[in-house]
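The structure under discussion appears below in the form of structure tokens.
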Amino acid sequence: MICIKCGKREAVFKGLCNECTWESAVVESPGSVSRIICPKCGAIKVGNAWSHNHSEAHWERKSLETFRINEPFRITGREVVGFNKRRDFIDAKITASLDGDIREFSFTIPYSEDKISCPTCNKITGSYFEAKVQIRGMTGKVTDKMVDAGKKLVEFVENNRTRDHQSFISKVEDVKDGVDIYLGKRKDGDTFAKNIKAREICSVVISNTLAGVREGKQFYRFTYMIRLFDYEPGSILFVNGRKYIFQGTNANGLNITDVEKGRDTFVNRKGLDLTKVTATGEIAEKRRFMVISRNNGETELMDRQNYSQTTIKGEITDDEVDMFILDGQLYKARGE
Ligand SMILES: [Zn+2]
Ligand SMILES: [Zn+2]
């Protein structure tokens with residue numbers, strides 16, 4: 001059958017050929033489009049919800065969904081091509097199909113934009129928090145280890161934030177003996193505490209307080225008190241009542257030297273109760289000695305500072321050696 005309109009081509013739909021059918025295509029476009037954007041984080045309100053990730057794409061899909069086309073055509077693509085300079089119009093491209101034959105339609109539509117702070121940014125501004133991570137050390141002083149741990153927590157939360165906008169830091173507070181970091185999401189505190197416990201020698205104490213009622217449920221705030229083992233090598237410690245020189249840590253525990261017996265020991269972190277560790281506040285001086293001679297299980301050393309000579313038990317194979325000095329006694333420094 002030949003097209004009843006043009007009389008030239010084969011009819012494909014209701015007596016009309018392909019071309020004559022396309023001439024009947026009517027695309028209905030929305031009168032205008034608008035968007036609400038958070039000036040702080042760039043989130044876009046799509047419908048009733050705020051979109052934080054891929055928000056541009058969500059908004060585009062939602063605001064172009066009111067494009068319609070008459071039968072027998074089908075819309076196969078909706079795309080914002082661009083904005084005009086003043087950002088009061090958008091160019092949209094609609095693609096439609098008639099049995100796989102694709103045509104494009106262009107539209108210019110009035111556009112408006114509003115800037116409103118999103119609920120998450122309002123929480124951050126309002127210092128909302130679900131968890132507080134307190135990073136502390138053993139000596140009451142702020143140490144590099146504590147600063148590093150704080151930085152790691154900030155990085156961790158910022159990384160989570162790229163996927164989950166509920167992850168945020170609402171406050172970082174330097175306190176006399178450490179740092180307090182307030183988190184928007186409790187789970188971040190939980191995960192961080194677990195990670196640091198696996199990585200560092202530290203104790204973690206978790207507590208909570210009832211902070212009110214939210215959405216009909218009791219709402220608790222959690223505190224993660226992380227105490228890092230941050231004594232410096234040479235520190236004099238009492239571990240389970242015995243006196244030691246702290247030599248250093250490795251991934252599994254502490255290297256310490258028994259002051260009375262002069263013997264090196266290793267304390268596995270798994271069996272270590274930090275509440276049983278106390279410090280005298282004293283730090284043994286570390287000095288470098290030259291090895292002069294060694295024989296019969298003894299080594300003769302010379303202090304490089306004052307040239308005084310001492311004999312110690314054990315044969316030291318190196319030419320030089322670092323020793324801790326405590327109450328006139330020498331103890332080999334093992335290094336971290
Ligand atoms: Zn025709
Ligand atoms: Zn925001």
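Quick one: which of Thr257, Thr275, Thr249 is out of contact with any Gly (no Cβ under 9 Å at 6 or more places or on another chain), more than 21 Å from Lys132 (Cβ to Cβ) and surrounded by fewer than 16 Cβ atoms within 10 Å (Cβ to Cβ)?
The unique qualifying residue is Thr275.
When the range 18-33 is examined, which residues are found to be surrounded by 12 or more Cβ atoms within 10 Å (Cβ to Cβ) and of a type in the set (Gly, Ala, Ser)? Passing the criteria: Ser24, Ala25, Ser29, Ser32. The residues on offer are His58, His54, and the sole one that is surrounded by fewer than 17 Cβ atoms within 10 Å (Cβ to Cβ), away from ligand 1 (no atom under 16 Å from the Cβ), not hydrophobic (A, V, I, L, M, F, W, C) and not assigned by TED's automatic domain parsing to the domain that holds Phe168 is His54. Number of residues in the range 293-327 that are more than 53 Å from the chain's Cα centre (by Cα) and either closer than 20 Å to Tyr244 by Cβ or among the aliphatic types (A, V, I, L, M) (or both) equals 0.
Look through the range 1-17, keep the residues that are at pLDDT 90 or above and surrounded by 17 or more Cβ atoms within 10 Å (Cβ to Cβ), and return whichever of them is farthest from ligand 1 (Cβ to nearest atom). The qualifying residue farthest from ligand 1 (Cβ to nearest atom) is Ala11.
Residues are listed down the side, and each one gets a yes or a no for (1) surrounded by 15 or more Cβ atoms within 10 Å (Cβ to Cβ); (2) part of a strand (DSSP E or B); (3) hydrophobic (A, V, I, L, M, F, W, C); (4) at pLDDT below 90:
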| position | (1), (2), (3), (4) |
| --- | --- |
| Pro233 | yes, no, no, no |
| Ile245 | yes, yes, yes, no |
| Ser293 | no, yes, no, no |
| Leu330 | yes, yes, yes, no |
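For the range 129-151, enumerate the residues that are over 30 Å from Glu282 (Cα atoms) and out of contact with any Ser or Thr (no Cβ under 6 Å at 6 or more places or on another chain). The answer is Glu130, Ala131. Assess whether Asn70 counts as being within 14 Å of ligand 1 (Cβ to nearest atom), farther than 30 Å from Asn160 by Cα and in contact (Cβ under 8 Å) with a residue 40 or more places away in the chain. Here the answer is no, as Asn70 does not meet what is asked.
For the structure I just gave you, tell me whether Phe222 is touching a helix residue (DSSP H, G or I) at 6+ places or on another chain (Cβ under 6 Å), assigned to a helix (DSSP H, G or I) and surrounded by 15 or more Cβ atoms within 10 Å (Cβ to Cβ). So Phe222 fails the test.
Considering only residues in the range 101-142 that are of a type in the set (Ser, Thr, Tyr) and either within 21 Å of Ala193 (Cβ to Cβ) or away from ligand 2 (no atom under 16 Å from the Cβ) (or both), the one that is surrounded by the most Cβ atoms within 10 Å (Cβ to Cβ) turns out to be Tyr111.
Does Asn268 satisfy the criteria of being polar (S, T, N, Q) and at positive phi? Step through it out loud before you land on a result.
Working: polar (S, T, N, Q): yes; at positive phi: no.
So Asn268 does not fit the description; no.
Kindly indicate the residue of the range 175-205 that is assigned to a loop (DSSP other than H, G, I, E, B) and not basic (Lys, Arg) and also nearest to Thr125 (Cα to Cα) among those meeting that condition. Ranking the candidates gives Gly184 first. Here Thr95, Thr108, Thr76, Thr143 are screened, and the one residue that is in contact with a Gly (Cβ under 7 Å, 6 or more places away or on another chain) and either under 22 Å from Val33 (Cβ atoms) or within 16 Å of ligand 1 (Cβ to nearest atom) (or both) is Thr95. Here the range 145-174 is the region considered, the condition is being part of a helix (DSSP H, G or I) and in contact (Cβ under 8 Å) with a residue 60 or more places away in the chain, and the residue that is farthest from Gly189 (Cα to Cα) is Lys145.
The values are calculated or read from the model by the stated rules, or taken from the named source; none is laboratory data. Predicted, not measured: the structure shown is a model, and the values here were computed from it. Cβ coordinates were reconstructed from backbone atoms using ideal geometry, including for glycine residues, and neighbour counts include every protein chain displayed.
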